[in-house]
Amino acid sequence: MLRRAETNGARVLRGASARGLARDGERWRVSLPAGAVTAREVALATGKHDLRGHPRPSGPQGDLVGFKMHFRLGADARGALSGRVEIGLFPRGYGGLEPIEDDRANLCFVISQAALAASGGGWAGAFDRVRACSARFEALLADATPLFERPLAISRIPYGLVRRTTEGPWLIGDQAAVIPSFAGEGVTFALHGAALAARAMLAGKPAAAFQAELARDVGSQIRLATALSRMIVHAPVQRLAQLVAPAVVRWLAGATRLKAPSPSSAAPVSAARG
């Protein structure tokens, strides 16, 4: 995607992290380690991490901590996991294990802050809790070798956040709307928002109009996914497992997916605005 952007005239700055963003007259000024750049329009797309000075509001489910680790699985586990995504429920959290490239597996899970504290406050206790509460995960990870020196972790994720307006930059991806991770739609929503923003910029629309349209497109799916996430985290796992029959899971999967774009937003993007 970066190469495609460069081919179409974008300037890509590698190894340069934004340190700040502020208005400078009629333009935006982005502070960088080696100076600054200015632009008429700025899209804030920093994922789940906020840019200093531009914090997001908290979402309705903001008490979860997320962990991610890659593993090299044993041969039996690789065969059992091939072509599958295993979802595990445990008290005050849930997670997923799936195969990725190079015969590796990716484990991601979220756990409430209270449960994390009760497990010792770190990765080791949380990982033990996940395996102890899921016989399937315990079997798949029994001979697994971790591939990171330490896991990736993130806290204060504003799950359920939908920003309906902006008085500043164009808000894209998790800066605009944060769907619980199990839904599998975060990247789809981000790409949809980016395309929608590009069309709105080309049409001369203000950022606030774009933000309202994006919120209408994704709001209902995020509300449903957040309600389900909160139920999973707070309901007794045994009782919840009796409710999630395959038909229910299929319906929920479809209901949290992005709907087809409206005709007004489906025109192709054919130019870039300088």
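Entry remark, region 69-114: residues being of a type outside the set (Asp, Glu) and farther than 19 Å from residue 125 by Cβ number 21 in total.
Here residue 249 meets each of (1) surrounded by 15 or more Cβ atoms within 10 Å (Cβ to Cβ); (2) over 19 Å from the mean Cα position of the chain (by Cα); (3) at pLDDT below 95 with one exception, condition (1). Scanning region 189-231 for residues that are assigned to a helix (DSSP H, G or I) and among the basic types (Lys, Arg), we see that the one that is surrounded by the most Cβ atoms within 10 Å (Cβ to Cβ) is 199.
Pairs linking a residue in region 1-12 that is free of Cβ contacts under 8 Å to residues at least 24 places away in the same chain to a residue that is assigned to a helix (DSSP H, G or I) and exposed (fewer than 10 other Cβ atoms within 10 Å of the Cβ), with Cβ atoms under 6 Å and 6 or more positions apart or on different chains, are 12/2. Within region 190-223, the only residue that satisfies the criterion of being free of Cβ contacts under 8 Å to residues at least 60 places away in the same chain, under 27 Å from residue 90 (Cα atoms) and within 16 Å of the chain's Cα centre (by Cα) is 221. Counting the residues of region 138-154 that are surrounded by fewer than 13 Cβ atoms within 10 Å (Cβ to Cβ) and either out of contact with any strand residue (DSSP E or B) (no Cβ under 6 Å at 6 or more places or on another chain) or under 30 Å from residue 59 (Cβ atoms) (or both) gives 5. Taken together, the criteria place residue 115 among residues that are touching a strand residue (DSSP E or B) at 6+ places or on another chain (Cβ under 8 Å), part of a helix (DSSP H, G or I) and of a type in the set (Gly, Ala, Ser).
Within region 134-158, residues that are on the phi > 0 side of the Ramachandran plot reach partners that are assigned to a loop (DSSP other than H, G, I, E, B) with beta carbons closer than 8 Å, at six or more positions or on different chains, in the pairs 156/58; 156/62.
Does residue 150 count as among the basic types (Lys, Arg), more than 30 Å from residue 40 (Cβ to Cβ) and in a helix (DSSP H, G or I)? No, not satisfied. Is there a residue being part of a helix (DSSP H, G or I), free of Cβ contacts under 8 Å to residues at least 24 places away in the same chain and touching a Gly at 6+ places or on another chain (Cβ under 8 Å) anywhere in region 173-188? Yes.
One residue alone among 37, 30, 85 is in contact with an Asp or Glu (Cβ under 8 Å, 6 or more places away or on another chain) and β-branched (Val, Ile, Thr), and that residue is 85.
Restricted to region 67-101, and to residues that are more than 23 Å from the chain's Cα centre (by Cα) and assigned to a loop (DSSP other than H, G, I, E, B), which residue is farthest from residue 143 (Cα to Cα)? Taking the candidates together, the pick is 82. Going by the conditions given, is residue 11 outside the structural domain of residue 175 (by TED's automatic domain parsing) and part of a loop (DSSP other than H, G, I, E, B)? Considered against the rule, which asks whether it is outside the structural domain of residue 175 (by TED's automatic domain parsing) and part of a loop (DSSP other than H, G, I, E, B), residue 11 comes out as yes.
The values are calculated or read from the model by the stated rules, or taken from the named source; none is laboratory data. No experiment lies behind these values; they were computed from the predicted model shown. Virtual Cβ from ideal backbone geometry, glycine too; neighbours counted across all protein chains shown.
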